Amino acid sequence: MAIGEIVLGSFLASFFQVLFDKLTSLTLGYAQQEGISTTLFEKWKGMLVTINAVLADAEDKQLSGNPLVKLWLDDVRDLAYDMEDLLDEFAIKAAQVESEAKSSTSRGMEKWKFSFFGQDKSSRLNPNPHLLVFETKVQEIIGRLKAIVTTKDHLSLRENVVDRSNYTNKRVPTTSLPEPWFFGREKEEAEILELLISEAKNSDAVLSILNIVPIVGMGGVGKTALAQQLYNDARVKSCFERRAWVCVSDVFYVFDITKAILQSITGLSCEGEDLNELQVKLKDSLYGKKFLVVLDDVWNEDYGKWTELFKPFEAGAKGSKIIVTTRNLPVVPMRGALPYPLEELSLDNCTSLLAFHALGATNFESHPDLEATGKKLAEKCKGLPLAAKMLGVALCNERNPDKWEAILNNKIWDLPKGKKR
Ligand SMILES: Nc1ncnc2c1ncn2[C@@H]1O[C@H](COP(=O)(O)OP(=O)(O)O)[C@@H](O)[C@H]1O
Ligand SMILES: [Mg+2]
């Protein structure tokens with residue numbers, strides 16, 4: 001299976017999200033504020049929603065070798081790319097006109113406002129050529145969107161298929177065991193260790209807000225892997241009398257999380273007990289102990305659930321800590337908890353990671369013919385270890401430099417344009 005195809009799935013879905021965000025925040029916000037008709041952009045959005053709904057199924061069918069679906073996805077990708085360019089162009093122009101209008105008279109703005117997308121036909125007597133070009137491009141995109149939606153119907157693509165098991169966004173539940181080969185992150189590890197250990201000595205509160213350490217970053221950047229390293233660090237082990245690891249992921253069930261913590265701490269299974277029994281047992285087993293709990297991949301924003309979960313923690317000793325890994329900081333409820341933003345992995349480490357999974361070595365010494373392409377591929381991963389690992393795994397039985405080159409030249413790489421979500 002070609003890596004470009006694997007990566008296409010997740011990139012296209014992310015790219016759509018970028019488009020939705022831009023359509024909402026930037027374009028529509030500005031256009032509405034200025035009284036510009038947003039109908040055309042709304043049409044874009046409506047059709048994007050329709051296409052988005054069948055993306056997962058299209059990707060599945062593409063992977064099973066359906067050439068028509070592949071062509072269709074190529075069209076979708078090209079279109080998404082053009083839409084984004086146009087939205088960016090529009091945003092720049094809008095900002096320019098706004099500043100010009102502000103610096104001269106309000107007439108500039110009026111002119112802009114009423115000549116845009118035919119709000120006022122009379123202003124067409126003296127139309128702004130840039131805006132006419134925009135209008136033509138927007139209409140052209142609507143035409144392509146319509147064609148894509150029509151073809152979609154002929155391809156019998158199913159909507160909202162949730163089983164995306166072939167893709168990276170479906171990840172296996174995590175455990176506390178660390179990666180056997182972990183690259184870089186020395187500085188991050190040392191800094192978080194400091195937050196976990198040193199601060200604990202000075203902390204007065206039993207469970208103050210400072211006891212939560214949120215590790216925040218985009219998916220695949222390595223939050224879980226870093227938390228695993230910390231969890232297994234000898235200094236952490238000696239600092240905390242009790243440790244528990246819970247993979248939270250999609251659903252935040254207080255019952256399940258409490259049970260997982262209790263099992264992790266006591267090593268006993270707790271079948272058939274209700275939440276009250278679990279909480280009492282957990283409270284007893286944490287009583288007077290300094291503990292560390294890792295809640296991995298948290299999405300929950302419901303404050304009530306957090307407070308319910310934390311009840312038994314109150315019994316713990318000073319300096320107890322909770323590491324929360326999340327893509328989205330607002331999910332962490334305690335105001336004042338200092339987030340630790342996890343940035344991209346360095347290029348050198350991404351290269352080693354890719355080489356490790358592709359060649360079983362941390363460099364290209366035994367495969368000099370693959371080195372240049374390997375390094376360029378690592379650059380394409382833009383600091384995401386998940387991408388480097390996926391590429392490495394996909395290339396692990398491949399020693400033909402032409403095949404490596406072909407992946408490097410796949411136009412899928414044009415898509416993300418370095419955007420973070
Ligand atoms: N520094 C690293 N060294 C080696 N592998 C890493 C590193 N960081 C992440 N990985 C691997 O990359 C993949 C994605 O990392 P993960 O920690 O799951 O990301 P996140 O939790 O931010 O979504 C995992 O398979 C992980 O083991
Ligand atoms: Mg994770």
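Here, each number is a calculation from the coordinates, and none is a lab measurement. No experiment lies behind these values; they were computed from the predicted model shown. Every residue, glycine among them, receives a Cβ derived from its backbone with ideal geometry; neighbour counts consider all protein chains shown.
Among the listed pairs LYS43/LYS380; LYS223/LYS376; LYS223/LYS305; LYS305/LYS380; LYS146/LYS389; LYS146/LYS403, those whose Cα-Cα separation exceeds 31 Å are LYS43/LYS380; LYS305/LYS380; LYS146/LYS389; LYS146/LYS403. Between LYS318 and ASP82, the simple label model (points 7 Å from Cα in the Cβ direction) yields a spacing of 6.7 nm.
For an R0 of 51 angstrom, estimate the FRET efficiency from the Cβ-Cβ distance between GLU371 and ARG327 and round to the nearest 0.05. Once the sixth-power term is evaluated, E becomes 0.95. Annotation for ALA406 and ASN232: the two label points, set 7 Å from Cα along the Cα-Cβ direction, are 3.7 nm apart. If r is the Cβ-Cβ distance from ASN66 to GLU135 and R0 is 35 Å, what FRET efficiency results, to the nearest 0.05? Calculated value: 0.45. The SER269 and VAL393 beta-carbon pair, evaluated with R₀ = 51 Å, returns a calculated FRET efficiency of approximately 0.90. Taking 25 °C and 0.890 mPa s as conditions, segment 256-377 diffuses translationally at an estimated 138 µm²/s according to Stokes-Einstein applied to its Kirkwood radius (Cα pairs).
Extension gain, GLU343-GLU194: 0.36 nm per intervening residue step, less the Cα-Cα distance, totals 51.8 nm. Label sites at VAL251 and GLN17, each approximated as a point 7 angstrom past Cα along Cα to Cβ, lie 2.2 nm apart.
Length gained on full extension, ASP74 to LEU155: 27.7 nm, using 0.36 nm per residue less the C-alpha separation. Our analysis of segment 347-414 gives Rg over Rh at 0.91, with the two radii drawn from alpha carbon positions and Rh computed by the Kirkwood formula.
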